[in-house]
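> Please find one structure pasted underneath; my questions will follow.
Each value in this text was obtained by applying a stated rule to the coordinates, not by laboratory testing. As the structure is a prediction and not an experimental result, all values here were calculated from the model. Note that each Cβ is placed from the backbone with ideal geometry, even for glycine, and that neighbours are counted across all protein chains shown.
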Amino acid sequence: MLIFHMPVPADQPPVERVLLRDTAYAAIRRAITDGTLEPGERLRDPELCAWLGLSRTPVREALARLEDEGLVETLPQRLTRVAPLDRRDARDAFPVAAALHALATELAVPVLTAADRAALDAANAAFAAALRDADVDGALRADDAFHAVFVDASGNHEVARTLERLTPRLRRLERARFASLPGRRSVTQHDRITALAAAGDAPGAAAAVRENWLTLGALIDRSFPEEIPG
């Protein structure tokens, strides 16, 4: 019996290039999400390359990906900048996030473990403490940790992948409007979600999660100044 060995493809892209592109993407996305790069700030290739210690190619690839995700925009004159804050993100993206988190919760509740339930309690306690201390970073991390319990337990990789792409836009809005958001409402909603999950009420917990995200989206939407008709 003859065994044929296929040669390694000669046009295989270097692994290092992919890793550099991903490194640039993660660093720039983090800087946009945490406010280091502010809404509307111009993004110049030489400055980004010097900051990241990378060549122009992985940086441009990262910017193209971030533009596709709505965090970066390129103007017709070839000006690249951090996308300005837009209330359309609250109106369009929050309902999508609400639906995905509700689906993850409904899938997760029947399989939640005691460790998962303890993680929900710990995350909400950390969330409440961060709100008391006006710790924006801590509050966002704790809120992410709370909802991640359901996303991880759901085992649905498509939900996780889509939320990974969507969440930075939402958190950027939440960070910018943090001072005007009544956080205690979210703590109470988290308590209700946890109680429903502990009782095994998957549809009820999913509905409560959906309400939690839609409430946040509506609050952020209302935090923008009213548009004056033209």
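> Report the charge-dipole magnitude of segment 87-223 in Debye, nearest 20, computed about the Cα centre from +1 at each Lys and Arg Cβ and -1 at each Asp and Glu Cβ.
580 debye
> Remind me, relative contact order of segment 87-223 in percent, using alpha carbon pairs under 8 angstrom and six or more residues apart?
Value for segment 87-223: 45 percent.
> Just to be sure I understand: with springs between alpha-carbon atoms less than 10 Å apart, which residue in His157, His147, His190 has the highest mean-square fluctuation in the Gaussian network model of the chain?
His157
> Taking the Cα centre of the chain as the origin and placing charges on Cβ (Lys, Arg +1; Asp, Glu -1), which of Ala64, Val136, Trp213 is farthest toward the positive end of the dipole?
After comparing all options, I get Ala64.
> Based on the mean of other Cβ atoms within 10 Å per residue, sort peptides 64-73, 204-213 so the most packed one is first.
204-213, 64-73
> Okay, moving on. Only Lys, Arg, Asp and Glu count, each charged at its Cβ (+1, +1, -1, -1), so figure out the dipole size of segment 15-82 about its Cα centre, rounded to 20 debye.
On the way: 11 positive and 12 negative charges, 42 e Å.
Approximately 200 debye in magnitude.
> Then there is this: Percentage of Cα-Cα pair distances in segment 67-142 greater than 18 Å, rounded to whole percent?
66 percent
> I'd like the distance between the alpha-carbon centres of segment 71-92 and segment 188-212, rounded to an integer number of Å.
Centre-to-centre distance over Cα atoms comes out at 34 Å.
> Within the chain, which DSSP H helices have Cα atoms that stretch 24 Å or more along the helix axis and a mean Kyte-Doolittle hydropathy of at least -0.5?
Helices passing the filter in the chain: 15-33, 87-108, 114-132, 136-154, 202-223.
> Further question: Using a 7 Å offset from the Cα along the Cα-to-Cβ direction at both Leu19 and Arg88, what is the distance between the two label points in nm, to one decimal?
Label at Leu19, label at Arg88, 3.9 nm between them.
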